[in-house]
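Bear in mind that the values in this text are calculations on the coordinates, not laboratory data. Quick caveat, the model's predicted, so the values are computed rather than measured. Note that each Cβ is placed from the backbone with ideal geometry, even for glycine, and that neighbours are counted across all protein chains shown.
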Ligand code: GDP
Ligand code: MG
Ligand code: K
């Protein structure tokens, strides 16, 4: 397959807690990247991992707000989820074969009703049920929603996961690969690190800082004669007031952001990290091509 024939696209993986979303991603992406899936909710779509196969690249993104709202941000989050659904190429709706249909599933199906994106029903944990139990489940779910594909899998044992990936490709278009292959299959994952830092900022500043902030990883370097990896990152904001919030009183906020992000990055890379963070004000950064490239939105 030539580069020109390769496909690319975005896939949202949804389903109530414990249906096996993380396990499925782990299986598809491998341990290192799937660590991303344990992260708390943020209000922007986040990349959970990128699968680069022979036929092209599938970017899995998380959809916060798909669950029943628990707090005042709930409605807002639900809207975000709705936007995500319309922007991705395929939605994978995971359900649990063992548990059967629950209230959480019904809630999600309701959310899907105004969506035009193809939705696959993925019946997970088939290793845990008798094959006779599958057909009634398929019947029950297909009465509720016009799923484009229904694919029973075992995320744990990997049954049918290749079939699932093949089916996803049939719904994607040929197009540029979003990420260089080595960047998504290898350490150090620049964009994952940047996302981890960004997430801590959004989380700790409690929405006082807009989602438009960006993080650039400027340097990754193994320190001589040690196991420690030095990571230098710049947080780009559009206003000095935002810079003030991120740095905090006597630098306290930035310190906390750094501490938490470092823990995540250490787990991602599996080595000791020395993380250095700067905050930079740059008006209108989003319109600058250099940045788009650095943030991985461009080829
Ligand atoms: P998530 O909350 O949707 O991300 O679910 P997890 O991936 O964390 O999985 C929840 C539980 O279900 C874990 O204990 C998994 O080991 C288990 N699980 C996930 N997939 C399968 C599967 O295909 N078969 C079985 N038997 N268990 C599974
Ligand atoms: Mg999970
Ligand atoms: K990968």
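Between residue 173 and residue 227, the simple spin-label model (points 7 angstrom out along Cα→Cβ) gives 4.8 nm. Computed from the C-beta positions of residue 239 and residue 267 and an R0 of 22 Å, the FRET efficiency is 0.10 to the nearest 0.05. The residue 142 and residue 86 beta-carbon pair, evaluated with R₀ = 25 Å, returns a calculated FRET efficiency of approximately 0.65. Residue separation of residue 157 and residue 127 scaled by 0.36 nm, minus their Cα-Cα distance, works out to 10.0 nm of gained length. Treating r as the C-beta distance of residue 150 and residue 203 and R0 as 41 Å, the FRET efficiency rounds to 0.65.
Any idea what the alpha-carbon Rg over 2.2 N^0.38 Å comes to for the range 187-294?
Normalised Rg, Cα atoms only: 1.04.
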